[in-house]
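Reviewing the structure listed below.
No value in this document is a laboratory result; all are computed from the given coordinates. Small disclaimer: the values here were computed from a predicted structure and weren't measured. Cβ coordinates were reconstructed from backbone atoms using ideal geometry, including for glycine residues, and neighbour counts include every protein chain displayed.
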Amino acid sequence: MNPSSRVLTRPAFLMVKLGEWTAARFVERLAPLGLRPRHLGAMHLVCERPRSQLELAQTIRVAASVVVDMIDELEAIGAVRRKPDPTDRRRFSVELTDQGRNLLMAADTVSREVEAELLAGLDPTLRRPLTRALRELGRSRGILKPTHPPSPVPTSDSQAFPSRRAATS
């Protein structure tokens with residue numbers, strides 16, 4: 001194998017290409033909800049408890065101006081609301097609304113659908129080890145916190161899409 005074609009088989013290249021494929025589908029499927037992937041981290045954090053915009057910026061490691069833009073977008077679709085911070089009238093606390101909770105659940109469904117599509121060509125016995133390896137890589141690179149709870153890994157389409165189980169039974 002010549003050196004120029006070896007790069008095409010390297011894990012870094014493969015992860016970039018799979019990431020591009022996955023990101024494009026995820027963006028496309030979130031769009032009807034009025035969401036973008038960048039919204040989900042902030043929504044997850046304020047789902048746990050209200051947070052200041054500065055705390056959100058520090059936690060998700062983006063500039064405060066980026067968080068302001070994200071919160072403006074989320075507020076426009078009714079997913080979050082800003083409330084004056086009772087301890088500091090110069091700050092605002094951001095909290096998730098009921099609409100935001102519904103959107104977060106819908107985004108989770110989108111995520112599971114895209115994941116099932118991505119993993120459809122993979123032997124079901126390889127899905128759990130792959131997910132564990134990716135989580136470990138994410139944690140070791142500081143992308144995921146060690147405290148992020150693992151989400152279930154579908155091993156079949158019927159687990160990823162419970163409605164299909166009923167239709168095929």
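Dipole size in debye (nearest 20) for the range 3-119 around its Cα centre, Lys and Arg Cβ +1, Asp and Glu Cβ -1? Mind dumping the intermediate values first?
Values: 18 positive and 16 negative charges, 68 e Å.
That gives the range 3-119 a dipole magnitude of about 320 debye.
Among 70, 43, 105, rank each residue by its count of other Cβ atoms within 10 Å, from fewest to most, as a rough exposure measure.
Details: 70 23, 43 20, 105 10.
Listed from fewest to most nearby Cβ atoms, that is 105, 43, 70.
Under the rule a/c < 1.5 gives rounded, and otherwise a/b versus b/c splits prolate from oblate, where does the range 1-135 land using the Cα gyration tensor? Verdict is prolate for the range 1-135.
Of 10, 91, 81, the sequence from fewest to most neighbouring Cβ atoms within 10 angstrom is 10, 91, 81. This model, with +1 at the C-beta of Lys and Arg and -1 at the C-beta of Asp and Glu, gives the range 17-71 a dipole about its Cα centre of some 120 debye.
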